[in-house]
Amino acid sequence: MSDQKNLIIAIILCFVIIFGFQYFYEAPKLKSEQENQAATTTTTSDASNAPTNVPGQAPAAATDAAKTDIPGAAIPNSVTRAESLTKAKRVQINTPSLNGSISLTGGRLDDLKLVKFRETIDPQSPEIKLLSPAGSPHPYYAEFGWSPAPGSTIKLPTASTIWNTSGTELTPEKPLELTWDNGEGLVFHRTISVDENYMFSVEQAVQNNTGSEVTLFPYGLISRHGTPKTANFYILHEGPIGVLNDTLEEIDYDDLAEAGTKSFSSTGGWIGITDKFWLTALVPDQKSKVKARFSYAPQGVRYQTDFLNQDGVTAAPGSRAGITNHVFSGAKEVSVLDADEKEYGISRFDLAIDWGWFYFLTKPIYFALEFLNGLIGNLGLAIMALTVIIKLLLLPLAHKSYVSMSKMKRLQPEMVKLREQYGDDKQKLNQEMMALYKREKANPAAGCLPIMMQVPIFFALYKVLFVTLLMRHQPFFGWIHDLSAPDPTTIFNLFGLIPWTPPQFLMIGLLPLLMGISMFLQQRLNPQPADPIQAKIFMFMPIFFTYLLAHFPAGLVIYWTWNNILSMTQQWFIMRRMGVSVSGQKT
């Protein structure tokens, strides 16, 4: 009795701690951060216009200005995005997947919106804004240029250079050519083209009209000002990323801020910055040796990924020489990344999506789910169909497991008698238990194998649903309008009947409740733990998982609930065939 009382007290304390932490710590912390953000807007330094750290050149002096940073907050003293776009002449970008513009000041790619993706499920909501210019609330841009040879004093184009062009628009059919004359015998050319998706090709060339040979080193960089708001989930990487020398390299924003700089040498590869669904990445010439970096500058809280071509480009007198690099900026669509990897020979470009340790499972599951979704026309039903296929594949193992569990459940009355008879003699009790298992040909561990087999499959499916675009803004039925979001209902306002919106930690919807009920019923079919305390703990597991999954994507909760129902059905039929009731008695 005392042990049961202590268990109940411990469980109650756990829930008090969880709810208390959310209410008394997280909520005041969020309010405090918002107040701090309001205070930082009074700073006098326009950090978003700080000099860019150009690869191969001495870094700009850093200051302590604008060090205060709140994830997702606007840069202090910034103007609106629309206003910042008017501060330089621009050439429009129009493709089936993108619209935006290129700034003729610096030739930066700093204005991109994704035509096919909206901020919310409302089709009239704004398009996703991916890149934004310096001076805006969230500067994020790509830039290409040249670094001089050591000791050279050649006048080169910079971020403030105004390029000339006769072009009025960049489309997949119409490349854009920019030129700039340094007045000292060198004419720089930059030809930008774009495909129908998200890949830009940037040809940099120099016409040498001087009387001596010129060697220059092309570079590319991506600069992001301010720390963006992230999902902050352990199975998803967001931040600087790349594949260099065929090795995936990634670092979180806070780790890079602490490290300052991470440098790599590679032949080809790619390097960039990833969000959950979006990517901006530099793709240097795949045969060139490059020095690549992840770097952080406290001035303006600026994260940068860049590469410097170490082979260089040499233009003889009277000749023109150049190189073509690429930049990807858009949605992480699996088919697009795979096609670009093949077309441009980009090493492991599909790893821009965080497939995780179980890549060999995750990607095939993605393709299976994509196929079923195209066949059925509803992703929620496709998830359920895939679950049935997985259950069929694991049927032999599951059958063996359920047969073993049914035997164990049938032996429960005898096991209770043995515990009553030898309760004080643990050694004798174990000997009699093993004899009973051997006599009845029951294996207590046999039920673990299919569960262990399902863990990586479940995790791989969860990765697919969480990190890919497949589930984003996909409806199911009824009140589920977005399978990538948690169930929006909650039992605490009777699913909308009471006009009150509970705090986030009380948002426990109908789907998680159905999952909890299915988990409870499934437990009733399984053999109960021999230890009464363990049995009590197991009884509370459905409650714990109901609360946990209430904040998971609805698509995953549908999978888990449906999987429980299929497992219960299969186990019930096996128990009936073996003549075992739910209580463990022979029928």
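The values are calculated or read from the model by the stated rules, or taken from the named source; none is laboratory data. Computed from a predicted structure; not experimentally measured. We work out accessible area using only protein heavy atoms, side chains counted, and drop any ligands, DNA or RNA first. Shrake-Rupley method; radii C 1.70, N 1.55, O 1.52, S 1.80 Å.
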Whole-percent carbon and sulfur contribution to the accessible surface of segment 88-143 (1.4 Å, no ligands, DNA or RNA) stands at 52 percent
Given a 1.4 angstrom probe, what's the average accessible area per residue across segment 193-268, in square angstrom? 41 Å²
Candidate residues 278, 357: accessible-area rank, largest first, probe 1.4 Å: 357, 278
Which pairs break 27 Å Cα to Cα here: 174/262; 174/332; 113/155; 87/332; 116/463? 174/262; 113/155; 87/332
Range of Cα positions in segment 339-395 per principal axis (Å), largest first: 39, 25, 15
Sort 505, 367, 200 by heavy-atom solvent-accessible area, probe 1.4 angstrom, most to least. 367, 505, 200
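Relative contact order for segment 183-291: what percent, with Cα pairs under 8 Å and sequence separation of 6 or more?
Computed value for segment 183-291: 20 percent relative contact order.
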With every protein chain kept in place and a 1.4 Å probe, the residues 327, 54 fall, from largest accessible area down, as 54, 327
Using a probe radius of 1.4 Å on heavy atoms only, what accessible surface per residue do you get for segment 463-506? Whole Å² is fine. 51 Å²
Set 229/391; 229/289; 276/342, cut-off 26 Å on Cα-Cα distance; pairs above it are 229/391; 229/289
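Find the relative contact order for segment 93-214 and round it to a whole percent, using C-alpha pairs within less than 8 Å whose residues are 6+ positions apart.
Averaging sequence separation for qualifying contacts and normalising by length gives 20 percent for segment 93-214.
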